[in-house]
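One structure below.
The values are calculated or read from the model by the stated rules, or taken from the named source; none is laboratory data. What you see is a predicted model, and the numbers here were worked out from it, not measured in a lab. Note that we place each Cβ from the backbone using ideal geometry, even for glycine, and neighbour counts take in every protein chain shown. Ligands, DNA and RNA are stripped out before the accessible areas are found, and what is left, the full protein with its side chains, is counted by its heavy atoms. Shrake-Rupley method; radii C 1.70, N 1.55, O 1.52, S 1.80 Å.
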Amino acid sequence: MIDVLLGISPNYLYFQGKPPQLVSELHHPYFLAFPPTTTDATTARKKLFDQWNQNKVDHPKLSKITGIGELEKYRSFCDFTKKRNVFKVYTKESYLVPEISDYLFFEHELFTAEHDIPYQQRALVDLAAEGKTWLFDTKGEKKKLKVLIYDIETTQFEEGKPQIPIDILGYACFDIAIESEKNLDTEEFSFEIRDNPAHWKDVEVLQHLSRSVDEEIANLLIFCKIAKDADIISGHNILGFDNVHVHGRINWLLKNKQDQLSADEKKTFQNFSSLYCREDKSFHFGIMGADIVQMYPCSFDTYLAARKFYPWLDDYRLKSLAPFLNIIVENRVYLAPSQIKLDDRTMTYNKQDVQEQIGVSLHFLQQALPLSFTTCMPFDMLLSSGAVNMWDHMALLRGAVHKKIVPPICRVKSIAQMLARDFGSQNTKEKIIRLAKQRREQLSKDFIRVLKYGEEMPDWVLYPQVIYKEQVSADDEEEVVNYHMPGGMTIKPDKDAHSHFIPWYHVVVADVGAMYPTILKAMNIGADTVRLATRDEKPDAWVWLKKLPEQFFKNRDVNWREITKQDTYADKGYMIGVRIDTNPGVVNCAMTGIMNIIGKIKKELKVAKSKVKTSELDSLKMMYQSMKGARNAGTHGILAAPTVTGRQFNLWGAAAITTKGQMILADTLDQLNKQDIRVVYGDTDGIYMGCSRSMGNLPGFSKALGVTLSPEESKWITKPDVANAAIKQCNEKWQKELKYPDFELEAEQHDSMIFIKHKNYLIFDEKNGKIEMATKGNNFKGSDKANIARKVLAEIMMRVLQENPCWEKEEDARAAVKESIKNITREIVSKLDLASVDLNDLTLVQSVQPEKRYKLNQDGSSSTFGKRSEALEKLLGHPIRSRVKMKFVITKRPLPGIAKPSKSGVKPIDYMYPVDLVKDRKEIDLDWYKKMVENYVQGAFGLSDIASTEQKGLDAWM
């Protein structure tokens, strides 16, 4: 019988089909301790052990230690050439670790490490490293996971009151079958979803309505049993709402309705509340938020999943997310909190909520399950973590396997600021420690957390001036650090490639996204494998920094040189010598696992594409996108994120990746230019090649646009086969150069593209007989605009392509496209008719709070937003008690009670009427929408009505 681990809390492990198991039965809290290199480790350990042995009964600090481990050899993280003798210090409770660590550092002349790992993570990492368990590991067997979807409604909702009655509880259950296995020694991972519901509509929804406390108790008892039997508990915003209210209500019933509960009912509620629920604080990418409740074995919140996997979306509410994922419930009912009642309409609303959540959960579980398994991160950690924290977790796990002292967690720029300001003259770690101990009372907890590592503090503490910028000069006011690390190669369409405003057909892309992870693996780059080379050491590689402070070169023993003609990719700055470890680093090991599973999914995708069954193909595509996103995030970005809380900052490692990337891209560009291949754009995403001047060479694309145009050989700038062969040739060259056969620049293609300026362009592809347009860049984002702006833009650009199906000269094509955009925009905007516009496309979404929550004006009067809240309350006929998102349209008349209404600004709130209260479409201000669309298009393309102008961002038109 295989025990599949589903989740972990600081106190319990949750295995499938078993009651919660105490973590303390398998693991005990500890941290690492070690003396300075000038002190014998055996002597230091014995001294502490003897003191503890003599005083462990009544000493205020030593009594909190439960054991002192034997000496173990651990590898240094900051200097891969060193090993240290360390010993583990075990404490009675996990929360005592920082306190005892402080005591040993300040009172016993010992350094400590790994004293800052949350205990849930510490236990999971160690148990996984020891081979005792792993999340969602079925060891190659097919296992069914029972998924519970649920949603509650309450008629008495008020923010901050989780104990209110649960009036309606809707839920559904379905199974997902998975098959997974891993080998941590070889970093081989395999994960497959074997079975899941064919369609969300096939899953039955059950509902319970409570008209009395007795009915509510009975319904909550049913829920407790179902939840305890589930493997995954899912829903939209369940952590911050549904879980909180169910948990709060159960506790309220236990406290206030004991006389209505039998002994068994009390036991059921107490058992569920204490063993399967845990109060917590929300953390989204390191930022602490509201109170939440985790339900176990594991809670899967699709709100957090949407933010994780689709970070570019403007609205994560279920009513917006479900249609985006093509989960359409017929005759959908939407209710505001004030409209929730014990009636059939609310029951329908609840049922449809659950139905949508079934579809949304099915979608996101196919992305999250393989990622959770591969990273060994439970959903509560995974979904709220950014790339840095996710890769830190994988590094911690490999650090435990290979016995490496993992660095402290901190926001590097903040610590560097303290060091530069208060420790500027201390040029060794010993001097920093000595001065810091003298100033103990002035030190922050964050600083002490790093300081306690002693000689194992990251080397960047010795050159904080590189990271923290003491003074901001006028020419670099936007930079937040004192160094400049080049990113990807930039080929701007308007300034370098001169390819802007031209419809390029059949565009081949050398995708760089996959290149950086292969560079990391080929060169063995990581925070634990790269360090500065001293003047008398021969560098293993040279890394390019465009800017470094002069003080760095004066104070450090570092091998560096000026840029030479041989460095064709570099224009200014310095070449810094680095040493690279020959043993695989922790991120390299984890990257191997990620890339292995991606390789398997790609092979399965090729097989699935030949099959008729689209559900299997869709599932594999989602798994691929999820794993690919994790892979691409695990490179130089996690090593050079000074403003993000993390463990693995290493500027030289990050620069090693980008420098090699620059070399490869410069060489690739040179090869393409030698073959007269038209390069039309380049950035961190890749190098783009325009292959055709005519859409006639793409019959499916031209047909979908309704353009009759025959293929013409003369319209090819470069045959796609030639472009793809050039990329393949570059791949083969760099596979040999890097001595890494898996290196690749992936070749992708798009039917057509129009570039406007750097990082702002349009992509057109034919799919199933229709043209899909994707926009990239802030110019086109328009998140504060009504959807009609984006719809009109798509209509305009389809017409622009139809008017410009082929061209000869680039300058003529550019002029023609600009003229088409202006003329077609005028025409379409002038013909906009309210009768033919979907009301949803006119809506603007904005959050509204109770009037008292808005800050008053300086004279004590109500602010514009406060007055708007008052006006909305009059219109709605009830008070606004909590923050709520509302849908509005712009009307000709202002809200009632607004003394001096204004229609200026992107969202004229004085004229924003709740869409449900607009009785006649004639009340809507069509002229405002026309002007808004016109401004959006003008801003996106930087074109005025009269003549072409210098390109501008959206802000220039607001």
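Remarks
- If you filter segment 678-699 down to residues that are touching a helix residue (DSSP H, G or I) at 6+ places or on another chain (Cβ under 9 Å) and among the hydrophobic types (A, V, I, L, M, F, W, C), you find that the one that is surrounded by the fewest Cβ atoms within 10 Å (Cβ to Cβ) is V679.
- Per the listing M394, M390, M377, the residue uniquely in a loop (DSSP other than H, G, I, E, B) and either at pLDDT 95 or above or touching a helix residue (DSSP H, G or I) at 6+ places or on another chain (Cβ under 8 Å) (or both) is M377.
- Residue match in segment 664-677 (condition: outside any helix (DSSP H, G or I) and touching a helix residue (DSSP H, G or I) at 6+ places or on another chain (Cβ under 9 Å)): yes
- Contact map, segment 176-191: first residue assigned to a strand (DSSP E or B), second residue open to solvent by 10 Å² or more (accessible area, probe 1.4 Å) and small (G, A, S), Cβ cut-off under 9 Å, separation 6 or more or different chains; pairs are E179/G140; E179/S190; S180/G140; S180/S190; E181/G140; E181/S190; K182/S190; S190/G140.
- Checking segment 384-392 against the condition returns a match, with at least one residue being touching a His at 6+ places or on another chain (Cβ under 8 Å), over 22 Å from P323 (Cα atoms) and either in contact (Cβ under 8 Å) with a residue 24 or more places away in the chain or charged (D, E, K, R) (or both).
- From the options T81, T138, T112, T133, residue that is in contact with a helix residue (DSSP H, G or I) (Cβ under 8 Å, 6 or more places away or on another chain) and in a loop (DSSP other than H, G, I, E, B): T133
- The conditions of being at pLDDT 95 or above, open to solvent by 10 Å² or more (accessible area, probe 1.4 Å), in a strand (DSSP E or B) and among the aromatic types (F, W, Y) are not met by Y95.
- Within segment 189-219, the set of residues being among the aliphatic types (A, V, I, L, M) and in contact with a helix residue (DSSP H, G or I) (Cβ under 6 Å, 6 or more places away or on another chain) comprises I193, V203, V205.
- Count of segment 538-561 residues which are free of Cβ contacts under 8 Å to residues at least 40 places away in the same chain and under 17 Å from Q662 (Cβ atoms): 1
- The set of residues in segment 509-535 being closer than 20 Å to N559 by Cβ, open to solvent by 10 Å² or more (accessible area, probe 1.4 Å) and not aliphatic (A, V, I, L, M) consists of N524, R531, T534, R535.
Every residue, every condition in (1) at pLDDT below 95; (2) open to solvent by less than 10 Å² (accessible area, probe 1.4 Å); (3) within 25 Å of the chain's Cα centre (by Cα), yes or no:
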| residue | (1), (2), (3) |
| --- | --- |
| Y119 | no, no, yes |
| L124 | no, yes, yes |
| A129 | no, no, no |
| E141 | no, no, no |
| Q156 | yes, no, no |
| P162 | yes, no, no |
| D175 | no, no, no |
| S180 | no, yes, yes |
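- Tally, over segment 463-490, of residues that are outside any loop (DSSP other than H, G, I, E, B), modelled with pLDDT of 85 or more and either open to solvent by 20 Å² or more (accessible area, probe 1.4 Å) or charged (D, E, K, R) (or both): 2
- Hits in segment 198-225 - residues which are crowded, with 17+ Cβ neighbours inside 10 Å and over 20 Å from E265 (Cβ atoms): W200, V203, V205, Q207
- Taken over segment 229-272, the criterion of being part of a helix (DSSP H, G or I), within 31 Å of the chain's Cα centre (by Cα) and surrounded by 19 or more Cβ atoms within 10 Å (Cβ to Cβ) is satisfied by I238, L239, F241, D242, N243, V244, H245, V246, H247, G248.
- Members of segment 737-776 that are of a type in the set (F, W, Y) and part of a strand (DSSP E or B): F755, Y761, F764
- Just one of (1) modelled with pLDDT under 95; (2) crowded, with 17+ Cβ neighbours inside 10 Å; (3) part of a helix (DSSP H, G or I) fails for W460. It is (1).
- Set side by side, the residues Y569, Y516, Y505 differ, and just one is of a type in the set (S, T, Y) and under 29 Å from the mean Cα position of the chain (by Cα), which is Y516.
- Summed over segment 17-58, residues that are open to solvent by 70 Å² or more (accessible area, probe 1.4 Å) and either in a loop (DSSP other than H, G, I, E, B) or touching a strand residue (DSSP E or B) at 6+ places or on another chain (Cβ under 6 Å) (or both) total 10.
- Positions within segment 312-355 being free of Cβ contacts under 8 Å to residues at least 40 places away in the same chain and crowded, with 23+ Cβ neighbours inside 10 Å, in sequence order: A322
- Every condition in (1) open to solvent by less than 50 Å² (accessible area, probe 1.4 Å); (2) modelled with pLDDT of 85 or more is met by H498 except one, and the failing one is (1).
- Residue pairs meeting the criteria (Cβ under 9 Å; at least 6 apart or on separate chains; first without any contact (Cβ under 8 Å) to a residue 40 or more places away in the chain and closer than 17 Å to M695 by Cα, in segment 788-801; second in a helix (DSSP H, G or I) and of a type in the set (D, E)): R799/E827
For every residue, the table says whether it meets (1) open to solvent by 30 Å² or more (accessible area, probe 1.4 Å); (2) among the charged types (D, E, K, R); (3) within 29 Å of K521 (Cβ to Cβ).
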| residue | (1), (2), (3) |
| --- | --- |
| C730 | no, no, yes |
| E746 | no, yes, yes |
| Q749 | yes, no, yes |
| S752 | no, no, no |
| K767 | yes, yes, no |
| D784 | yes, yes, no |
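- Residue match in segment 386-397 (condition: open to solvent by less than 30 Å² (accessible area, probe 1.4 Å) and more than 18 Å from D126 (Cα to Cα)): yes
- The set of residues in segment 832-851 being in a helix (DSSP H, G or I) and either touching a strand residue (DSSP E or B) at 6+ places or on another chain (Cβ under 7 Å) or open to solvent by 70 Å² or more (accessible area, probe 1.4 Å) (or both) consists of L834, A835, S836, N840, L842.
- Candidates V792, V829, V800 - the one that is within 25 Å of H498 (Cβ to Cβ), open to solvent by less than 40 Å² (accessible area, probe 1.4 Å) and not hydroxyl-bearing (S, T, Y): V800
- Residue count for segment 862-907 under the criterion of being in a loop (DSSP other than H, G, I, E, B) and under 23 Å from Y316 (Cα atoms): the result is 6.
- For V329, the criteria (1) assigned to a helix (DSSP H, G or I); (2) of a type in the set (V, I, T); (3) in contact with a helix residue (DSSP H, G or I) (Cβ under 6 Å, 6 or more places away or on another chain) hold in every case but one, which is (1).
- Selection within segment 892-927 - open to solvent by 40 Å² or more (accessible area, probe 1.4 Å) and either within 37 Å of the chain's Cα centre (by Cα) or of a type in the set (K, R) (or both): K892, R893, K900, K903, S904, G905, V906, K907, D916, K919, R921, K922
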